[in-house]
1. From the residues in region 125-150 that are under 15 Å from SER77 (Cβ atoms) and of a type in the set (S, T, N, Q), which one is surrounded by the fewest Cβ atoms within 10 Å (Cβ to Cβ)?
2. Looking at region 172-198, which of its residues are among the hydrophobic types (A, V, I, L, M, F, W, C) and either in contact with a Ser or Thr (Cβ under 7 Å, 6 or more places away or on another chain) or in a loop (DSSP other than H, G, I, E, B) (or both)?
3. Going by the structure shown, is ASP173 without any contact (Cβ under 8 Å) to a residue 24 or more places away in the chain and in contact with a helix residue (DSSP H, G or I) (Cβ under 7 Å, 6 or more places away or on another chain)?
4. Which count do you get for residues in region 235-252 that are closer than 15 Å to PHE196 by Cβ and exposed (fewer than 13 other Cβ atoms within 10 Å of the Cβ)?
5. Can you find a residue in region 106-116 that is touching a Cys at 6+ places or on another chain (Cβ under 6 Å), in contact (Cβ under 8 Å) with a residue 24 or more places away in the chain and either farther than 27 Å from GLU40 by Cα or of a type in the set (Val, Ile, Thr) (or both)?
6. Suppose we filter ASP378, ASP369, ASP347 for residues that are over 26 Å from LEU38 (Cα atoms) and in contact with a Ser or Thr (Cβ under 9 Å, 6 or more places away or on another chain); which single one remains?
7. LYS162 is checked against (1) surrounded by fewer than 22 Cβ atoms within 10 Å (Cβ to Cβ); (2) touching a strand residue (DSSP E or B) at 6+ places or on another chain (Cβ under 7 Å) and fails just one. What number does that condition carry?
8. Out of (1) within 29 Å of ASP115 (Cβ to Cβ); (2) at pLDDT 95 or above; (3) not in a strand (DSSP E or B), the odd one out for GLN424 is which?
Amino acid sequence: MSGQKACCHGPGYGTPLDAMKNGPREKLLYTVTVQPNLDEPHGDYLATVDVDPESPTYCQVIHRTFTNRTGDELHHSGWNACSSCYYIDDNAKQIPKRDKLILPSINSDFIYILDVITDPRKPTICKIIDGDVLKNHDVTAPHTTHCLADGNIMISTLGDAKGNAKGDFILFDTKNFDCVGTWTKGERKALCGYDFWYQPYFDVMVSTEWGAPRMFRRGFREEDLDDMTQYGCRLNFYKWSTHTLYQTIDLGTEGTAPLEVRFMHDPKRPEGYVGACMYSNIYYFKKKPDSDDFEAKKVIDIPAKLISVNGEKPKALNGMISDILLSLDDKYLYVNNWLHGDVRQYDITHPENPRLTGQVFLGGAICSDLKNVEVLEDKELKARPEPRYVKGRRLEAGPQMMQLSLDGKRLYISSSLYSPWDKQFYPKMIEKGGHIVQIDVDVVNGGMRLNEDFLVDFGKEPYGPTIPHEMRYPGGDCTSDIWLANDGK
């Protein structure tokens, strides 16, 4: 990218360390919130949560931007501009602004564009993109949103118009949010889709795979994993410049459902991590020397626990890793285990050998007070974790989406994975509502501790209990911002 004059700076920060050292403390937390009651007409919403400790409304939802439609399933979100637009062309007619938040709906295929700049505490919907727009391009189930430095917005999609598995991406311009078309070129297509991250310096983008929308939308069924053309187990690498898929790495059964993927924040480090959900493994991938190809290997293997529920036949309970996160200095990797109930911190100074430096239990499916559950074998714990209470409230479900403060000292964790699956695994969360908690992080030595004074309770929302999922800060964060190398690429 060219044009480094101060007047030409777009939104965000020049480097990840600039964001970490000079970024402000977060005061608002935009939280995608799902209404599990599909008969409630207000539907899902973006909750504006006050996380300013000096505020009288600290830990409260201070505004709700409702879609006023049912069945959307808002899931992830992204910006119209981020740090990838920090250096823009000297001749650019308009400097990008981070003023719109994009909310795709993974079930209805609708996309909501929110104005977050007129009143950051009260975002408003300024455009709605009908789900037929995606279907007309033979894609459905929009998921991850990233802005591009060329002025477009790219959203990953997980299926074709009929809900079969298909990995692709759809583009929208940032002026009117009109559809530009799909991104992938050439005959080769990914079998499945989910998350993605790009590194233009190495002319590469990586994407991951969940499964066919027609399958996961009806809830989790173990037999769905029998067809690995409709369920994912692969990493897909694309040429950023030509939009073509050039390498696929099959992770095998142990890598089933590789979900969140992160390149290192440093744009000159062609390496990263992906969390394989179903069997709770973390894979590290890196570019091969003198080659455009990548290699991947398992570096964290979290063992299943053998349990019996209601005296039935014993079964293996895997942790279900559904989110991972990297600190902006690429020092710590955070991993959740939604079913086991713990969140973990790993020191990745030596990236191929992560070292466990912190672990906190936040509920889960094996808590000691669950009388219908018997743990028959546990290769990690000598005793079942106690249920976790914060401010007198029992935490239902386990740790799910994570968001780290720019300085790395506060880790926010929500509880909802995906409402059809929530209803299966954690029905009490549906009944009582979800939550957000905060973990205090030791950024020097490693280690984590639950903040006993922080709780955002979604159990008494205006139209019944709701369940929070992904979280963002108004000024950007470490899971939405992508940095580009500033020496010409």
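1. The selected residue is THR145.
2. Here is the first cut: in region 172-198, the residues among the hydrophobic types (A, V, I, L, M, F, W, C) are 172, 177, 179-180, 183, 190-192, 196-197.
Within region 172-198, PHE177, TRP183, ALA190, LEU191, CYS192, PHE196 qualify.
3. On the way: without any contact (Cβ under 8 Å) to a residue 24 or more places away in the chain: yes; in contact with a helix residue (DSSP H, G or I) (Cβ under 7 Å, 6 or more places away or on another chain): no.
Against the criterion (without any contact (Cβ under 8 Å) to a residue 24 or more places away in the chain and in contact with a helix residue (DSSP H, G or I) (Cβ under 7 Å, 6 or more places away or on another chain)), ASP173 does not qualify.
4. Total satisfying the criteria: 0.
5. Yes: one or more hits.
6. Step by step, each of ASP378, ASP369, ASP347 is checked, and only ASP347 is over 26 Å from LEU38 (Cα atoms) and in contact with a Ser or Thr (Cβ under 9 Å, 6 or more places away or on another chain).
7. It fails just one condition, (2).
8. (1)
The values are calculated or read from the model by the stated rules, or taken from the named source; none is laboratory data. If you're wondering where the values come from, they're calculated on a predicted model, not measured in any experiment. No Cβ is skipped: glycine too gets one built from the backbone with ideal geometry, and neighbour counts run over all protein chains shown.
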